[in-house]
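A.B. asks: Pasting a structure here, questions to come.
The values are calculated or read from the model by the stated rules, or taken from the named source; none is laboratory data. Worth saying up front: this structure is predicted, and the values here are computed from it rather than measured. Here Cβ is always computed from backbone atoms with ideal geometry, including for glycine, and neighbour counts include all displayed protein chains. Surface accessibility is based on the protein's heavy atoms, side chains included, excluding ligands, DNA and RNA. Shrake-Rupley method; radii C 1.70, N 1.55, O 1.52, S 1.80 Å.
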Amino acid sequence: DTLIPRFREAGDLRLDLFHRDGRVEARWLGLHPREFEVLWRLAEQPGIPLTRKQLLADVWRITFEPETNSVAVHVARIRAKLQPFGLASMLVTHAAGGYYLDAPSEPSVFKFSSKSQT
């Protein structure tokens, strides 16, 4: 049996499966359910692009590609919620199509502190 983690870290963003929302420091993003699921899925493998078809299958649970821009709309909404924190660019549109998270698996606070100790 594999336990699902409660939290996923993507740079300064912390996703909380219990609350089904993300936060930066102490501020919640106010993600809608599908927005959270898109981010949660992308945070599972940061840096690995997922196609629109993969996201539709994993998040929307549909195996066909409907004539809709629902994935792009959700990505735009997520970026808008990350923008006040300067994190909108972490959700990247891949040149070959699809999306990925460009974020380290730990917050920047830890990166700075570890560099200063070397």
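A.B. asks: Filter region 54-72 down to the residues that are open to solvent by 50 Å² or more (accessible area, probe 1.4 Å), of a type outside the set (S, T, N, Q) and under 16 Å from R41 (Cβ atoms) and list them by number.
C.D. replies: D58, R61
A.B. asks: Would you point out which residue out of T2, T51 is open to solvent by 50 Å² or more (accessible area, probe 1.4 Å) and in contact with a Gly (Cβ under 6 Å, 6 or more places away or on another chain)?
C.D. replies: T51
A.B. asks: I'd like to know if region 90-99 contains one or more residues that are at pLDDT 95 or above, open to solvent by 50 Å² or more (accessible area, probe 1.4 Å) and under 11 Å from the mean Cα position of the chain (by Cα).
C.D. replies: no
A.B. asks: Being part of a strand (DSSP E or B), aliphatic (A, V, I, L, M) and open to solvent by 10 Å² or more (accessible area, probe 1.4 Å) is the filter here, so list the residues in region 9-45 that pass it.
C.D. replies: Passing the criteria: only V24.
A.B. asks: Right, something else. When I78 is evaluated against the numbered criteria (1) surrounded by 11 or more Cβ atoms within 10 Å (Cβ to Cβ); (2) out of contact with any strand residue (DSSP E or B) (no Cβ under 8 Å at 6 or more places or on another chain); (3) among the aliphatic types (A, V, I, L, M), which criterion, by number, is the only one it fails?
C.D. replies: I78 satisfies all of (1) surrounded by 11 or more Cβ atoms within 10 Å (Cβ to Cβ); (2) out of contact with any strand residue (DSSP E or B) (no Cβ under 8 Å at 6 or more places or on another chain); (3) among the aliphatic types (A, V, I, L, M) except (2).
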